[in-house]
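Structure, as structure tokens:
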Amino acid sequence: MSDKTRGLYRKFVVRRTDGSSRRHRRHHECEYFVLDLTHDPLAYPALAAYEEHARADGYRLLADDLLRQLARMRDELMLTGRTWSEPILSISQKQRINKLLRGPETSDA
């Protein structure tokens, strides 16, 4: 049965590296949604949406890391010629990616 006909189902077991997913801990029996950033064509727009919300909620460092990941994924798509549908990024996300990739601005003054 293909993933397109299965819907949402338990495919992965996630254990947190900080141990909080162990029995009687805070994250025991939490549900997680795992994205395959290498092969899943839906991961790119999902990550882009997460970046927007992370930034809006004040998680600037996480949002910047997600932008870098989006840039790597975009570059990989262009290099490999994969035929995934064109990723949708907002204009502000594209501008932030370009700014992050340029690095800190230097002043000659």
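Across region 50-78, the number of residues qualifying as closer than 18 Å to Ile91 by Cα, hydrophobic (A, V, I, L, M, F, W, C) and surrounded by 13 or more Cβ atoms within 10 Å (Cβ to Cβ) comes to 7. Condition check for Arg23 on (1) out of contact with any Ser or Thr (no Cβ under 8 Å at 6 or more places or on another chain); (2) at pLDDT below 90: one failure, at (2). For Gly7, the criteria (1) surrounded by 10 or more Cβ atoms within 10 Å (Cβ to Cβ); (2) modelled with pLDDT of 85 or more; (3) not hydrophobic (A, V, I, L, M, F, W, C) hold in every case but one, which is (1).
Which ranges mark the helices (runs of 4 or more DSSP H) fully within region 1-80 that have 2 or more residues being of a type in the set (Lys, Arg)? Spell out the reasoning first.
Details: elements: 3-6, 43-56, 60-80.
Hits in region 1-80: 3-6, 60-80.
Restricting attention to region 10-42 and to residues that are surrounded by 10 or more Cβ atoms within 10 Å (Cβ to Cβ) and of a type in the set (Val, Ile, Thr), the residue that is farthest from Arg72 (Cα to Cα) turns out to be Val14. Scanning region 38-75 for residues that are in contact with a Ser or Thr (Cβ under 8 Å, 6 or more places away or on another chain) and either at positive phi or modelled with pLDDT under 85 (or both) returns a single hit, Pro41.
The values are calculated or read from the model by the stated rules, or taken from the named source; none is laboratory data. Keep in mind that what you see is a predicted model, and the values were worked out from it rather than measured. Virtual Cβ from ideal backbone geometry, glycine too; neighbours counted across all protein chains shown.
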